[in-house]
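Structure first, then comments.
Any read-out appearing in this document is the output of simple, stated calculations on the displayed coordinates, not a laboratory observation. All of these numbers come straight from a predicted model, not from anything done at the bench. Note that we place each Cβ from the backbone using ideal geometry, even for glycine, and neighbour counts take in every protein chain shown.
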Amino acid sequence: MSKSDDVYKYVASATYRIHNSGNNRAAALARLRRGVGKPPGASPEVWEYTLAELPESLAGKAGEPSEAEWAIHLALTLFALHQQGNSDLVISQKILFGQAVSSLIDSNKNNESGIKARFDAALTAKNINEFANHARGLVQLMRAKKVNMDYPLFAKDLFDYQFVDSQDRVRLRWGEAYYRINTSTEQGEETEGEENE
């Protein structure tokens, strides 16, 4: 199993555990939200969720967060932000980041250029910290519009995104997902129009 698979598994387990923690769920999500916009070492209150039972192979060295710790921290804190105010789990399997962002576009496409500009800014971020700032705004929009996303898969992608040799592959996967949903919607509308003629 690869490190990115281990990241996926860790975040899947953590989100499941948090969502099913009963009376402790609101407190857990609130603690995780305090870590939004901060690096993995800045918020000790989130470590119970981002570091507990972390496989040694994913841990950083000499006080520097590893790529896995960044991916897990970012995915779980953004998940907590997204989950705020929602009783239903905001995770939908196999909904990639790009597809979730595309779902934010109104049916009349009035907001398309603004959403695309935010998405492009995230994808061209110079580092994971800058990406996190752009992603936070998009996740806040997802929460408002009730758009779900696959957070374990997002974490796996975030891990790969931090390596030069896989960064473009992740960007392309997100871009394909972003445009696929727009294309399928437009094709569906054209098919309906042809059938009515």
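Given their separation in residues at 0.36 nm each and the Cα-Cα distance between them, A59 and L89 gain 8.0 nm when the chain is fully extended.
Under a Cβ-Cβ cut-off of 15 Å, what is the net charge of the residues other than D5 that fall near it, where Lys and Arg count +1 and Asp and Glu count -1?
-2
Counted by Cβ distance under 13 Å from L104, the other residues give a net charge of +4, where Lys and Arg count +1 and Asp and Glu count -1.
When only Cα pairs under 8 Å and 6 or more residues apart are kept, what is the percent relative contact order across region 26-177? Value for region 26-177: 28 percent. Which GluC sites (Glu not before Pro) in region 4-110 pass both tests, a DSSP loop state and at most 13 other beta-carbon atoms within 10 Å? Passing sites in region 4-110 are E53. Counting lysine pairs in region 3-196 whose alpha carbons fall under 22 angstrom apart, excluding pairs fewer than 8 residues apart on the same chain, gives 20.
Specify the longest stretch of the chain that does not include any exposed loop site, a site being one of the trypsin sites (Lys or Arg not before Pro) with a non-H, G, I, E, B DSSP assignment and at most 14 other Cβ atoms within 10 Å. It works out to 1-93.
Once the Cα atoms are used to define both axes, helix 151-161 deviates from the longest principal axis of the chain by about 80 degrees. On the principal axes of its alpha-carbon atoms, the chain has extents of 65, 42, 30 Å, going from largest to smallest. Modelled label positions at F163 and K146, each set 7 Å beyond Cα in the direction of Cβ, lie 3.9 nm from each other.
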